[in-house]
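What follows is one structure encoded as structure tokens, with my remarks underneath.
The values are calculated or read from the model by the stated rules, or taken from the named source; none is laboratory data. Because the structure is a prediction, the values reported are computed rather than measured. Cβ sites come from the backbone with ideal geometry, for glycine too, and all protein chains shown count toward neighbours.
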Amino acid sequence: MPREYPIERTRDIGIIAHIDAGKTTVTERVLFYTGISHKIGEVHDGQAIMDWMEQERERGITITSAATTCFWVPGGQERKKENEYRINIIDTPGHIDFTAEVQRSLRVLDGAIVVFDGVAGVEPQSETVWRQADKFKVPRICFINKLDRTGADFKKSLDSILEKLTPNAVTLQIPVGEEDKHEGIIDLLEMKALKFEGDFGQIVKEEEIPEKLLAEAKKWRDKMNEKIAAEDEKLLEKYLAGKDIPVSDLRKVLRKAVLEYKLVPVFCGSALKNKGIQQLLDAVCFYFPSPKDMPPVKGIDPKKDQEIERKPDDSEKFSALAFKIAADPYVGTLTYFRVYSGSLTAGSYLYNSTSGEKERIGRILRMHAAEREEVKEVFAGDIAATVGLKNTGTGHTLCDEAAPIVLEKISFPDPVISIRIEPKTKADQEKMSLALKRLAEEDPTFKMKSDLETGETIISGMGELHLEILVERMKREFKVEGAVGRPQVAYKETIKQKAEAEGKYIRQSGGRGQYGHVWLRLKPKKRGEKFEFINKIKGGIIPQEFIPAVEKGVKEALDKGILAGYPVVDLEVTLYDGSFHEVDSSENAFKIAASMAFQAAAKRANPVLLEPVMKLEVIVPSEFFGDAIGDLSARRGRIEETKDRLNLKVVDAKIPLAEMFGYATALRSLTEGRGTFTMEFDHYDEVPANIAQEIIEGKRR
Ligand code: GDP
């Protein structure tokens, strides 16, 4: 079966924003306009739109899918299939506590619309997400939203983008009026004023630019021309000679510059008042890359352990990345994936190169605003979901078994905070475990475990809010209520020097005895390298069948900790000597011996506690700067940089998470409610000795 839409007319995008900037409203409008044009074709027929609206309202536009597909014909071309673009919108979360969600969505999308509140401009979270998008090399378009709101200021918002995010922002539109006078938009490329008519702004009227705005529009247009022309020698010559540059040339050069992360076009409007969304959709088609424009995806050939590449082409061998596992009320577990190369038909078998298991691909689904569509085949660049995969988790690679590849993994940080949770009623225990297990499958930065000694359940994640929301979801989606304890820092333990020790577990008390005997060598690894087990046993001094038991014993000991019961990380454990007994040796005996050897060696290896250290940004009015800094020092914060921003001070610091509980309240009272901050996990670091001692003795929580 041939593909329905050429890859050149496919876009995989995301919409990202600070909470409340209008992401939901923008997405809703996007689905609405694309729905109209795709379903009805003729946009100017008011009655048809009204009918369609009614139906949609009844069914409810769903924008909760991890990926939603819609169609758009850009730039006023004729509405027919040959001109249609398929746009896949990948959902991105609004809060940075969901690091995993943000990262995995940025990983699979080729372009992001960044939405700003036209009153607030750039907010702290927009900055964090912006930097992550830089890391993943995602081309961007900015949309300054809410220009109808009291206090809206396009120029100020634009300046905050230029100053805080990128000097490469280039303005393609300016508003006609702001606040309650926001009537429309001036398109600086076409030099036309756009008005939005009809109940939903669906009818776009092009008009001459109002006389009183003409001079200003020309000024902006000149700035735009200069920035775009600077990206191309020929255009620059024309620009410098004062010649007119054709719009098509400007578009072409701008597109190339967006793809190369050199320019970021800025658009504006009001999602709520239906202004500017259609132009934003045009921009997605014009300036964002198609999957074919993206560089080949890199991965490892697991057989040869070599780096290999796959081009975004249907004729290549199949490769795809599972980026989200979601529980669907109708079909069960859905696995969303992005196809990087090749094609896949429903009913075929695939190889999960991450877990090493075969999977059968049952139904393949594509999610639209209000319906799901079953498809027979998907191709390079497509985003779809499949039902019933058993051993595929977030971040796993799916590929052709005959040509395996493991795509670059999305690396997720370990959780840094944990709380105890218990069901409100005893009867709910099982339901709660099930719900938590499901949620943990969806979100790799959320973990659950039971404390074997107390029988309590402990959940951990990336921040207080992260856990709060998961508990809330448990209540809403799984109908179990949980009572939570106080949040605790997820400390870890490690060793600082090499050490060796022997572990002997030998019992001879009538009948069959026990015999396990090992020598282990422990060696520190770099921070973040986790744990490695090396087997150096030669000549069968310990039979092969007992080696896995030794590793298991070590792993159990790692979980129990050395100093204060926290998991031990970042070390290498080598099994290099030992002995066995023909009759008495057993797996269990070796497991116990290994655990004993580990504990003995670890005590001599200079064990230390590790704590999560956060990256913090605090923004305070200048007059509170001294107090804010003093407070951070008292919390063991290390100030890395302070910057001036208008009459504000921006402080970047690294600070232990343990000192940050209740910081929101403290900052509020220090700054008369005017300070703000954002925080995300940065790395694990050694706890200073005096504090470690208090933690070990249980004096500090
Ligand atoms: P999200 O948190 O980024 O998804 O933001 P929402 O789309 O939920 O919007 C937050 C609030 O801002 C809601 O009350 C919206 O109605 C409102 N809002 C969104 N877009 C606009 C706009 O263009 N103008 C105005 N005045 N309000 C808007």
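Odds and ends about this structure:
- Looking only at residues of segment 460-481 that are over 22 Å from Ser105 (Cα atoms) and in contact with a helix residue (DSSP H, G or I) (Cβ under 6 Å, 6 or more places away or on another chain), we find that the one that is surrounded by the fewest Cβ atoms within 10 Å (Cβ to Cβ) is Glu481.
- Scanning segment 19-56 for residues being at pLDDT 80 or above and within 15 Å of the ligand (Cβ to nearest atom) gives a total of 14.
- For segment 159-202, the tally of residues that are within 14 Å of the ligand (Cβ to nearest atom), within 23 Å of Lys219 (Cα to Cα) and touching a helix residue (DSSP H, G or I) at 6+ places or on another chain (Cβ under 8 Å) stands at 3.
- Looking only at segment 436-451, residues that are surrounded by fewer than 17 Cβ atoms within 10 Å (Cβ to Cβ) and small (Gly, Ala, Ser) come to 1 in all.
- Of the strands (runs of 3 or more DSSP E) that lie entirely inside segment 361-432, those containing 1 or more residues that are more than 20 Å from the chain's Cα centre (by Cα), basic (Lys, Arg) and closer than 25 Å to Thr34 by Cβ span 364-367, 372-375.
- Subset of segment 380-409 (residues that are of a type in the set (D, E, K, R) and farther than 13 Å from Lys298 by Cα): Asp382, Lys390, Asp400, Glu401
Here's the yes/no breakdown for (1) of a type outside the set (Asp, Glu); (2) more than 30 Å from Ala346 (Cα to Cα); (3) surrounded by fewer than 17 Cβ atoms within 10 Å (Cβ to Cβ):
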{"residue": "Thr386", "(1), (2), (3)": "yes, no, no"}
{"residue": "Leu389", "(1), (2), (3)": "yes, no, no"}
{"residue": "Thr392", "(1), (2), (3)": "yes, no, no"}
{"residue": "His396", "(1), (2), (3)": "yes, no, no"}
{"residue": "Lys409", "(1), (2), (3)": "yes, no, yes"}
{"residue": "Pro415", "(1), (2), (3)": "yes, yes, no"}
{"residue": "Ile421", "(1), (2), (3)": "yes, yes, no"}
{"residue": "Ala427", "(1), (2), (3)": "yes, yes, yes"}
{"residue": "Leu434", "(1), (2), (3)": "yes, no, yes"}
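- Residue that is touching a helix residue (DSSP H, G or I) at 6+ places or on another chain (Cβ under 9 Å) and either modelled with pLDDT of 80 or more or acidic (Asp, Glu) (or both), where the choices are Glu408, Glu373, Glu401, Glu377: Glu408
- Residue within segment 133-156 that is of a type in the set (Ser, Thr, Tyr) and buried (at least 21 other Cβ atoms within 10 Å of the Cβ) present: no
- Matching entry among Glu422, Glu401, Glu408 (being more than 30 Å from Arg107 (Cβ to Cβ) and either acidic (Asp, Glu) or in contact (Cβ under 8 Å) with a residue 12 or more places away in the chain (or both)): Glu422
- Residue count for segment 671-695, restricted to those that are assigned to a helix (DSSP H, G or I) and surrounded by fewer than 19 Cβ atoms within 10 Å (Cβ to Cβ): 5
Residue-by-condition table, conditions (1) among the charged types (D, E, K, R); (2) within 16 Å of the ligand (Cβ to nearest atom); (3) within 26 Å of the chain's Cα centre (by Cα):
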residue	(1), (2), (3)
Val253	no, no, no
Leu259	no, no, yes
Val264	no, no, yes
Pro295	no, no, yes
Lys298	yes, no, yes
Asp301	yes, no, yes
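- Close pairs from segment 279-290: first surrounded by 21 or more Cβ atoms within 10 Å (Cβ to Cβ), partner among the basic types (Lys, Arg) and part of a helix (DSSP H, G or I), Cβ under 6 Å, at least 6 apart: Tyr287/Arg255
- Whenever a residue of segment 238-255 is touching a residue at least 24 places away in the same chain (Cβ under 8 Å), its partners that are surrounded by fewer than 17 Cβ atoms within 10 Å (Cβ to Cβ), lying with C-beta atoms within less than 7 angstrom and at least six residues away or across chains, give the pairs Val247/Glu190.
Yes/no per residue for (1) of a type in the set (Ser, Thr, Tyr); (2) within 30 Å of Ile655 (Cα to Cα); (3) in contact (Cβ under 8 Å) with a residue 40 or more places away in the chain; (4) out of contact with any Phe, Trp or Tyr (no Cβ under 6 Å at 6 or more places or on another chain):
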site	(1), (2), (3), (4)
Lys536	no, no, yes, no
Gly565	no, yes, no, yes
Asp570	no, yes, yes, yes
Val573	no, no, yes, no
Ala589	no, no, yes, no
Met596	no, no, yes, yes
Glu611	no, yes, yes, no
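- Qualifying positions in segment 117-140 - on the phi < 0 side of the Ramachandran plot, within 16 Å of the ligand (Cβ to nearest atom), touching a helix residue (DSSP H, G or I) at 6+ places or on another chain (Cβ under 6 Å) and not in a helix (DSSP H, G or I): Gly118, Val122
- Looking across segment 183-225 at every residue that is among the aromatic types (Phe, Trp, Tyr) and either within 20 Å of Gly75 (Cα to Cα) or in contact with a His (Cβ under 7 Å, 6 or more places away or on another chain) (or both), the one that is modelled with the lowest pLDDT is identified as Phe200.
- When Lys146, Lys156 are screened for being within 13 Å of the ligand (Cβ to nearest atom), in contact (Cβ under 8 Å) with a residue 24 or more places away in the chain and of a type in the set (Lys, Arg), only Lys146 passes.
- Looking only at segment 146-171, and only at residues there that are under 19 Å from Asp187 (Cα atoms) and among the hydroxyl-bearing types (Ser, Thr, Tyr), the one that is nearest to the chain's Cα centre (by Cα): Ser157
- Of all residues in segment 91-116, those being at pLDDT 85 or above and either within 16 Å of the ligand (Cβ to nearest atom) or farther than 23 Å from Lys292 by Cβ (or both) number 5.
- Selection of first residues in segment 309-320 that are β-branched (Val, Ile, Thr) and of second residues that are surrounded by fewer than 16 Cβ atoms within 10 Å (Cβ to Cβ), restricted to Cβ pairs under 7 Å at least 6 apart or on distinct chains, gives an empty result.
- Against the conditions (1) at pLDDT below 80; (2) hydroxyl-bearing (Ser, Thr, Tyr); (3) in contact with a Pro (Cβ under 8 Å, 6 or more places away or on another chain), Thr10 satisfies every one except (1).
- Flag for Ile87 being aliphatic (A, V, I, L, M) and touching a helix residue (DSSP H, G or I) at 6+ places or on another chain (Cβ under 8 Å): yes
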